[in-house]
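Chemist: I have a structure I would like to understand better, so I am pasting it below and will then ask my questions one at a time.
The values are calculated or read from the model by the stated rules, or taken from the named source; none is laboratory data. Note that this is a predicted model, so its numbers are computed, not measured. Reconstructed Cβ throughout: ideal geometry from the backbone, glycine too, with neighbour counts over all protein chains shown. We work out accessible area using only protein heavy atoms, side chains counted, and drop any ligands, DNA or RNA first. Shrake-Rupley method; radii C 1.70, N 1.55, O 1.52, S 1.80 Å.
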Amino acid sequence: MTKILTTHTGSLPRPAAILEGMRAREAGTLEDESALDAAIASEVMASVRRQVAAGIDIVNDGECGRPNFHAYVAERLSGLERRVPPGGVPVLTRPLGLGGRDARMFPDFYEAVLANNPFVDAIRMAPRVCTGPIAYIGAARLQRDITRLKSAIVASGAHAGFMSSTVPISTAKNEYYASSEAFQAAFGEAMRTEYQTIIDAGLYLQIDDPALFSEWDAHPEWTTKDFRDWATARVEQINHALRGLPEERVRFHTCYGVNVAPRVNDLQLEQGIDILFRIRAGAYSFEAGNSRHEHEWRVLERIALPEGKRLIPGVVTHSNPTVEHPEVVADRIERWARTIGADRLIVGNDCGFASNAGNREIPMSVAWAKLEALGEGARLAAQRLAREH
């Protein structure tokens, strides 16, 4: 029987005690770092075991010890100064998509979301400013994460493991380098150290870059050409940082940024898939499990998947709390398998269930139910495909 490999995009909801510990660490009030480390190690072991039990083949640590998918690098790079704004660090609002194309079309919806902001308890990270030379100083932290994950993989009998790492492009303000280009080059070289270490450890490297597709909604003034020019330049920066790394060990994830929303103005896969395929990665992860993108398997009927590449379409979504029926998940998987071939397919979820730790859009119990539906749906799809042969 053909095996349909399963995975997910990385972040999972963190237990309350770990969230509180990370809040204290960011605020500089954490009294017992070792106790927090022990709690994270225990949760990683439990999470990986639970992923395997849910039917997930390629597992990770749930990004358990990270406040979000990109701000963790503040602890791993030199030259980034923590700068608290006057009045303190505000509640997160950017993930809501305020000011974007959808927000202009559906103001009443966005007013209601802002009034009940699901990111009110998300960990707040003070902005970082580059005030000195950028270098990678996070080797010990990275090795600790790798050791935890690999130990959990062995204990659980997981098929394989991956570790997420942020895109090699910084959003921090530059006050040190002579140009933005010089700053971004230094940032990319520093992140390359992390990429190489993850691959050398025998794990798959996942580059997380929601902005590659989500930036479209954030710029209502852009034309399609504006987006494509911007994205093409971004991919060149990404590829420079990935140069020489084994593509078959790299997977790239992008999404549409806003989670629970009308999302009428999401970029369409066909508008950027050729740019996505230029990235030096062996597999590409993207949203395909929600009702704005579920039809996009048809794009691969018209645009060929490059030789040697694999796709990781989402078949369960983070964009609403409805738990997908496994038969529906199997239907989605079958469509992709028939289009590109089951051997070139890995299935996952659309995006992380808690890319910002403390986000309340998808509660922990719902996230795990969705992963179980993913695992069961993959099993059903494999059975269906086997019956045909």
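Chemist: Checking the structure you have, find out if any residue of region 136-151 is closer than 30 Å to Ala288 by Cβ, crowded, with 20+ Cβ neighbours inside 10 Å and either touching a residue at least 24 places away in the same chain (Cβ under 8 Å) or touching a Gly at 6+ places or on another chain (Cβ under 8 Å) (or both).
Modeler: Yes, that holds for at least one residue.
Chemist: Determine whether Val91 is out of contact with any strand residue (DSSP E or B) (no Cβ under 7 Å at 6 or more places or on another chain), open to solvent by less than 70 Å² (accessible area, probe 1.4 Å), assigned to a loop (DSSP other than H, G, I, E, B) and farther than 25 Å from Thr6 by Cα.
Modeler: So Val91 passes the test.
Chemist: Could you list, in sequence order, the residues of region 164-183 that are surrounded by 20 or more Cβ atoms within 10 Å (Cβ to Cβ), out of contact with any Ser or Thr (no Cβ under 8 Å at 6 or more places or on another chain) and of a type in the set (A, V, I, L, M, F, W, C)?
Modeler: Residues satisfying the conditions are Val167, Ala172.
Chemist: Return the residue satisfying two criteria in turn: it lies in region 361-389 and is part of a helix (DSSP H, G or I) and free of Cβ contacts under 8 Å to residues at least 12 places away in the same chain, and of such residues it is least open to solvent (accessible area, probe 1.4 Å).
Modeler: Taking the candidates together, the pick is Ser365.
Chemist: Could you please let me know if Ser47 is touching a residue at least 40 places away in the same chain (Cβ under 8 Å), farther than 28 Å from Asp266 by Cα and within 19 Å of the chain's Cα centre (by Cα)?
Modeler: The answer is yes for Ser47.
Chemist: Out of (1) in a loop (DSSP other than H, G, I, E, B); (2) farther than 30 Å from Arg280 by Cβ; (3) modelled with pLDDT of 95 or more, the odd one out for Asp121 is which?
Modeler: Single failed check for Asp121: (3).
Chemist: Can you tell me how many residues in region 333-360 are out of contact with any helix residue (DSSP H, G or I) (no Cβ under 7 Å at 6 or more places or on another chain), surrounded by fewer than 22 Cβ atoms within 10 Å (Cβ to Cβ) and of a type outside the set (A, V, I, L, M, F, W, C)?
Modeler: Within region 333-360, residues that are out of contact with any helix residue (DSSP H, G or I) (no Cβ under 7 Å at 6 or more places or on another chain), surrounded by fewer than 22 Cβ atoms within 10 Å (Cβ to Cβ) and of a type outside the set (A, V, I, L, M, F, W, C) number 5.
Chemist: What tally of residues in region 2-29 results from selecting those that are in a loop (DSSP other than H, G, I, E, B), at negative phi and either modelled with pLDDT under 95 or loosely packed, with under 14 Cβ neighbours inside 10 Å (or both)?
Modeler: So the count comes out to 3.
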